[in-house]
Amino acid sequence: MIPFLKDVLELLKEQEPVEPTAEDEAIRVKYNCGECGYLVGFASTIHDDMQYRAKFCPECGRKVLWNG
């Protein structure tokens, strides 16, 4: 029974939200998934607004935690 519970806990941990990582560019900031590195958002540095922000990573499916 214990190995089964360890597997369940591991699967649940894989579903935890991840914080995006920021990558500064000339006119925008790219945000990548904290798990797989796929693009999950970007913001304009000129207008200081978020232009795209995904709730879930389109590549790995993890929930993106924007308000870390």
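The values are calculated or read from the model by the stated rules, or taken from the named source; none is laboratory data. Just so we're clear, the structure is a prediction, and the values are computed from it rather than from any experiment. Note: ideal-geometry Cβ built from the backbone for every residue, glycine included; neighbour counts use all protein chains shown.
Has the stretch 34-44 got any residue that is more than 14 Å from the chain's Cα centre (by Cα) and over 21 Å from TRP66 (Cβ atoms)?
no
Filter the stretch 42-68 down to the residues that are touching a residue at least 24 places away in the same chain (Cβ under 8 Å) and part of a strand (DSSP E or B), then identify the one that is farthest from ALA26 (Cα to Cα).
Across the stretch 42-68, the extreme among qualifying residues is LYS63.
Look at GLY37 and say whether it is at pLDDT 90 or above, surrounded by 13 or more Cβ atoms within 10 Å (Cβ to Cβ) and part of a loop (DSSP other than H, G, I, E, B).
Taking the combined requirement at face value, the residue satisfies it.
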